[in-house]
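Laboratory data are not the source of any read-out in this text; all were calculated from the coordinates shown. The model shown is predicted, which means the values in this text are computed figures rather than measured ones. No Cβ is skipped: glycine too gets one built from the backbone with ideal geometry, and neighbour counts run over all protein chains shown.
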Amino acid sequence: MSHSKPVLPQNDNVAHALAGAGGGVLSMALTYPLITLSTRAQVESKRAETAFLAAVRHIIAREGVAGLYSGLSSALFGISVTNFVYYYWYEWTRAFFEKAAAAAAAKSGGRAGPRKLTTVESMIAGAIAGSATVILTNPIWVVNTRMTARKNTSSSDEKKEKKEGEAAAAAAAAEGEGSLPAPATAADKKPVKPSTIGTLLTLLRTEGPGALFAGVVPALVLVINPILQYTLFEQLKNVVEKRRRITPGVAFVLGAVGKLFATTVTYPYITVKSQMHVAKAGDRKEGVIEAINRVIKEEGYAGLYKGIGPKVTQSVLTAAFLFAFKDVLYEYSVRLRSSVAKKAIAA
């Protein structure tokens, strides 16, 4: 019996990955209107921090409530893939550290027990998971951003608005929160909706395979965002677990704190990454330092944090719901697998 084939081939890495993907989909669905409003408001108002509500009213009056959910399906697909890849590699790295610690304890004659990740181990796990996610999912986000960022060839003002819209859409993708359609203009009254495959083939034909990895280098640097977020979350969770059980409500708060800290630190770089993410073959290439200097020169240091209020609110709520849902979904997945295993053995 001890040599029988395992009933369920699924491991904890996959369970965590599925829970993360499910949590991402649910949190995205709940907060998507806020994502749309915050992104478009900061694009359509020169001073988003003072004219946010006016921009919100303008968007709803122009496009209706349905406009708040424009692009939801592609965003849900993107976040599910992104979260699945991230959590799979994060838990894989966690398991590696745990096995290494157990092996070291056994070799020294000690007794290996369950232990929490240290701060350094959490950061390494976040770096590995984040890097794998960027490399594997960047092509998806590039195609998604190109589909939602509608082209405009009319006036120079509209062109500027469109460029800002594409940059804002990619800013959301930079954090794995989905990319959003750019604001509509006069030239967009009768948009032609491209298919995913059609967009991909056009991109490969006109710009080559390298275009699928546009902005991947700054995106890899931006991995610092989830590293900070998950490291702070794990360490706070370790402290809280010594005193009480981690409920979905507690996970919600801890997730919000982690995301608030990470987004505040990395927000200036998100702006730079988003612009590089939508750069096309004919555009002049800008380095990171050059782009930062340009923003400071044109808008001052405040330009690096333009629209941070709505962005932080949206990011924090999305992350908080994600952590709350993920733990519940993981526990449900474990119970379901246990139930299926018992039935299979009884049969």
*Give me the number: length gained by fully extending VAL14 to SER108, i.e. 0.36 nm times residue separation minus the C-alpha to C-alpha distance, one decimal in nm.*
30.7 nm
*If we count every other residue with Cβ under 11 angstrom of VAL250's Cβ, Lys/Arg +1 and Asp/Glu -1, where does the sum land?*
+2
*Between ALA346 and GLU299, what is the spin-label point distance in nm, taking each point 7 Å from the Cα along the Cα→C-beta axis?*
6.1 nm
*Label-point separation (nm) for PHE77 and ALA100, each offset 7 Å from Cα along Cα-to-Cβ?*
3.8 nm
_When each of LYS107/LYS237; LYS107/LYS342; LYS306/LYS326; LYS237/LYS311; LYS259/LYS306; LYS116/LYS306 is checked by Cα-Cα distance, pairs over 27 Å_ = LYS107/LYS237; LYS107/LYS342; LYS306/LYS326; LYS116/LYS306
